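Input: a single structure, listed below in C-alpha cells.
The values are calculated or read from the model by the stated rules, or taken from the named source; none is laboratory data. Quick caveat, the model's predicted, so the values are computed rather than measured. Here Cβ is always computed from backbone atoms with ideal geometry, including for glycine, and neighbour counts include all displayed protein chains. Surface accessibility is based on the protein's heavy atoms, side chains included, excluding ligands, DNA and RNA. Shrake-Rupley method; radii C 1.70, N 1.55, O 1.52, S 1.80 Å.
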There are 2 protein chains.
Amino acid sequence: MTLELIGLEGIPLVKKGDNITKLILKALEEQNIELEDSDILLIAETMVSKAEGNIINLGDILPSDDAIIIAKKTQKDSKLVEAIIQESREVVAVGPDFIITETKDGFVCANSGIDESNVDEGLATPMPKNADKSARDLREALEDVTGKELAVIITDTQGRAFRVGAIGTAIGCSGINPLWKRKGEKDLYGRELKSSEIATADELAAAASLIQGQADEGLPVVIVRGFTGFNLLRNKDSNINPLLLPKQYDVFRK
Amino acid sequence: MTLELIGLEGIPLVKKGDNITKLILKALEEQNIELEDSDILLIAETMVSKAEGNIINLGDILPSDDAIIIAKKTQKDSKLVEAIIQESREVVAVGPDFIITETKDGFVCANSGIDESNVDEGLATPMPKNADKSARDLREALEDVTGKELAVIITDTQGRAFRVGAIGTAIGCSGINPLWKRKGEKDLYGRELKSSEIATADELAAAASLIQGQADEGLPVVIVRGFTGFNLLRNKDSNINPLLLPKQYDVFRK
C-alpha cells in the first residue's frame, strides 16, 4: 500500500481578496496534476487567513491591564498579548515565554494561534475566522470544477503538552470525518480494539507538514493521494469538532 | 515535491526471538523494493516488543494496594494496573477510564504504553525496553546489508492532552535528529522564524500511522521516501530525547 504526498508548486504569496480555489486550480494545471477521487488537500492556515483578509495591525491595538501584566511575565509585546487575549475564550496557562489559551473556536494552543511569520512587520495573522467553513467552501468549489470527491483540511503548526516541538495539526475539516472511531473492530488476534479512536485529520496534517515547511520552500498546499480510509470516513457535513476535547473531560485543565 | 509512503506487505506476525532485520529484508525482496539513500523506516513498537520477548503475562502479576485502588477508580484489571505502575516512574493523572504515567524512559502517555492489542488473551506488550537501541540496531543492520544511508523510527499510537483521538508518535529514533531546530531561518518575508522547532520524528510517525493501521491490514513497517530534510537532520548518534519535555519545564505538570 502506497500513499503519495504531493507538494503543489507555483502557489504565489497570497494577499487579501485572492481566490484560493483559482490559485490552486491554476497551480494544478501548470504542474499537470489532475485531482482524483479521494484526494485530500491540506492547506496551511496562514494562506487562508491572508486571503480572507484576517490580518491584525498590531499598531491599532490598545493593550488592556491584563495584557500588560502578561506581557511583562512572558516578555512579549503587550499589543500582541492583547490580540491573543481578544482571540481567546480563556487563558489556560502562562509561562516564562509562552501563553496558552483556548481560542473562541475551542482550540487549546499557544498565542491563540496568532502567527507573526510570513506577513510584514507590525502585522500578525490569527487563525481563519471559521476554518471549517473555509475548508467546506474550498472543497465544494474544487468538487464543482473537477467533479471529483475530495476532502480539505486546514492545517496549523502547534506545540503539544509533554513533548518538545510543534507538529502539523488540523484546525478545519470538510469532506471526511476527522476522527476514525475503530472501536469494535478486531485486532490481528481477533481481540476487540479497545482504545481505537484515531485522529486521522491530525495525522494527515502532520504528514503534510513534512512538505509544507515554513520558510523558503513555501508549499502551503499538499495533496494526499491513496488514503484508503477516505470512503469509510466520507462525510460532506464534517467539521473539526470531534477532535476537540471539552474542558470538563480534560484532566489537564482545572 | 513528492513524498512517498510505502507500507511493506508480507511481514508475518512476529514472535519472540524473530530477527526483524531479516523479516524486513525478506519482505523487501518479495515486494521488489530496494531501499534507497535517505529512506526512513517507521516500525510499529508492538512488533519490536514482541520480537524482543518483551511480553507481560498478566497472570504472573500480584497487584499492590495502590494498583487495587487505581483499578477500582478506573475500572481496569488490577494486574494490568500493577504492570502499568511497574513500567512507570510516576503516575501523572488518573481519570474515570484512564491512567497517564511517565514511563521509565520519560514518555508521558496512557497506561505506560502497555498494549493489550495484537497479543493473545492474558498477555500484554509494554514498550520496547530501549526503543532507541532497537532503532539503532535495526538501522545499522539494514545499512550494513544495503549500503544505504537510512533512518529508523519506532512508533506508538498515543493520545494527547486537549484533543480527542490518538496519533502515531515516535518513541525511538536512529539516523536523524528527531527535532528540527529552524530558529534563525527566515520566513517568506525575510523575518526570522521565532517558534520553529518542529518535531519531525513525530510528524513522520503520524504519517506512517495512516498506513500502519491497527487491525486487519497489519502493515507494521512503513518506508518514507523523498523527505528532503534527511541530510540536514542526519545524525548517526541521535535518540528520541530531544522530543521529551523535562518535567520542570512542563506547565501542565505540578
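Dimensions of segment A:56-123 from C-alpha coordinates, computed as largest minus smallest value along each principal axis and given longest first, are 28, 24, 19 Å.
Surface calculation, 1.4 Å probe, protein heavy atoms: residue B:29 sits at approximately 140 Å² accessible. Report, to the nearest whole %, how much of the accessible area of chain B belongs to carbon and sulfur atoms, 1.4 Å probe, protein only. With neighbouring chains kept in place, the figure for chain B is 47 percent. Applying a threshold of 18 Å to the alpha-carbon distances of A:79/B:186; B:16/B:148; B:148/B:236 flags A:79/B:186; B:16/B:148 as lying beyond it. For the protein assembly as shown, the alpha-carbon radius of gyration amounts to 0.96 times the rule-of-thumb value 2.2 N^0.38 Å expected for a compact globular protein. For segment B:90-232, the pair-distance distribution built from all alpha carbon pairs, in bins 5 Å wide starting at 0, is 2, 8, 14, 19, 19, 15, 11, 6, 4, 1, 0, 0 percent. Helix-only arithmetic for chain A: the sum of -39500 (n - 2.57) across DSSP H runs with n ≥ 4, divided by the residue total, places the mean residue ellipticity at 222 nm at -8000 deg cm²/dmol.
Under 5 Å from the amide H of residue A:166 lie the amide H atoms of B:197, B:198, B:199, each residue being 5 or more positions distant or on a separate chain, with H modelled from the backbone and absent for Pro and chain starts. Taking a straight Cα-Cα cut-off under 21 Å and skipping sequence neighbours fewer than 8 places away in the same chain, the lysines within cross-link reach of residue A:72 are B:194. Here segment A:141-164 is scanned for amide nitrogen atoms under 19 Å from the site 7 Å beyond the Cα of residue A:241 along Cα-to-Cβ, giving A:152-154. Here the Karplus curve 6.51 cos²θ - 1.76 cosθ + 1.60, taken at θ = phi - 60°, turns the phi angles of segment B:103-112 into couplings of 6, 4, 8, x, 7, 8, 7, 6, 6, 6 Hz, with x standing for Gly and Pro. Given springs between every Cα pair under 10 Å in a Gaussian network model of chain A, which of A:57, A:111, A:32 has the largest fluctuation? The residue with the greatest mean-square fluctuation here is A:32. Measuring heavy-atom accessible area with a 1.4 angstrom probe and counting protein chains only, the residues of segment A:116-142 that give up at least 20 Å² relative to the chain alone are A:116, A:117, A:118, A:119, A:120, A:121. Each other copy places its own label point for residue A:247 at 2.8 nm from this one, sorted shortest first, where the point lies 7 Å along the Cα-to-beta carbon line. Rg and Dmax of chain B, both derived from C-alpha coordinates alone, stand at 19.0, 62 Å. In segment B:1-69, the ratio of gyration radius to Kirkwood radius, Rg to Rh, stands at 1.19 when only Cα atoms are counted. The simple Förster model, with R0 at 30 Å and r as the Cβ-Cβ distance, assigns residue A:19 and residue A:120 a FRET efficiency of 0.90.
In order along segment B:63-77, the phi-based Karplus estimate (6.51 cos²θ - 1.76 cosθ + 1.60, θ = phi - 60°) of 3J(HN,Hα) comes to x, 7, 4, 4, 4, 5, 5, 5, 4, 4, 4, 9, 6, 9, 5 Hz; Gly and Pro are listed as x.
Averaged over peptide B:153-163, the number of partner chain Cβ atoms lying within 10 Å of each residue's Cβ comes to 6. Take the accessible area of chain A alone and of chain B alone, subtract that of the pair, and you get about 6700 Å² summed over both chains, using a 1.4 Å probe.
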